[in-house]
Amino acid sequence: MARLMNHRWRWMLCTAVLGLPCLAHSQAACEEAAPAQTGSAGRPQLAQGIALFEARDLAQAERALQAALFGGLADPMERASAHKYLAYTYCTHKEWARCEAAFDSAFSAHPGFALQAYETTGTPWRDAYSRAQDRWIQRCPSAQRLRTAPAAPTAGGFALNSRVITSITALTPGLAPARSAALAARSETPRTDHNLRLRVSPWANVLINGKPSGVTPPVVLLKLAPGSHTVELRNPGFESYRQVIRITDGQSVTLSHDFDAR
């Protein structure tokens, strides 16, 4: 009897020891990853993909985002962003299975990944994101705190529907690395009907007075109403940049920022 009890204790101890690596691996998968300190070869393609999606060139956006992942994105938040916009593209095309799989990859790439409420309001990917989020929360219960709160749709939810921003033009670069001198000159020529010019490297989500206003390619031109405005630039893995500018009639303002320089 004593020999049988000793055998059982040895089996239980062995099971517990062997189970520890699996538990540790599961916990590690749910932990926040530290931002990468080095650049990513796929970062330019990521910026292109986001800008192309914003311009509704979905086929080119998908190619650029896949190229970004293939080229390498060291920062987990950038990888999650690439998968997120791929999910957006797939759901827009009603490829629901691929959309959910892309959201699953976004959660796996960055455990802290979550959409803001405005990103799920009236969008075709809302249900796919919710299902992927539920699966992730089952795997990592601590992610419950990141659950996106529902938001009621509002007519003024996006910046282009406000009285502050009256126009926005994103100059999206092509996928080819080389551009003709004429095209480059046109991209650098200021538009007289716009009064805010952004020069951002490598890219950023743009918020005007707290409202999402698109994604920067190398140049973004906006037309703002006269008055003071808060411009915020966000790029995953970097500290957000915020600047208050004042627009007057007939004045053009250029705002430049290099995230890599900080």
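Give me the extension gain from F70 to A41: residue separation times 0.36 nm, minus the current Cα-Cα distance, reported in nm with one decimal.
9.5 nm
Wrap a convex hull around the Cα atoms of segment 43-146, take a quarter of its surface area, and give that in square nanometres.
The orientation-averaged projected area of the Cα hull of segment 43-146 comes to 6.1 nm².
Note the full-extension length gain between D127 and R63 as 0.36 nm times their separation in residues minus their Cα-Cα distance, in nm to one decimal.
20.6 nm
On a straight-distance basis, which lysines could pair with K94 in a cross-link, Cα separation under 24 angstrom, same-chain partners fewer than 8 positions away excluded?
Once the sequence-local lysines are set aside, what remains near K94 is K84.
Can you give the FRET efficiency to the nearest 0.05 for I137 and E239, using r as the Cβ-Cβ distance and R₀ = 35 Å?
0.80
Measure off 7 Å from each Cα along the Cα-to-Cβ vector at Y118 and T92, then give the distance between these two points in nanometres to one decimal.
My value for the distance between the label points is 1.8 nm.
Bear in mind these aren't lab numbers, they're just calculated from the coordinates by the rules spelled out. The model shown is predicted, which means the values in this text are computed figures rather than measured ones. A quick note on method: Cβ atoms are made from the backbone with ideal geometry, for glycine too, and the neighbour counts reach across all protein chains shown.
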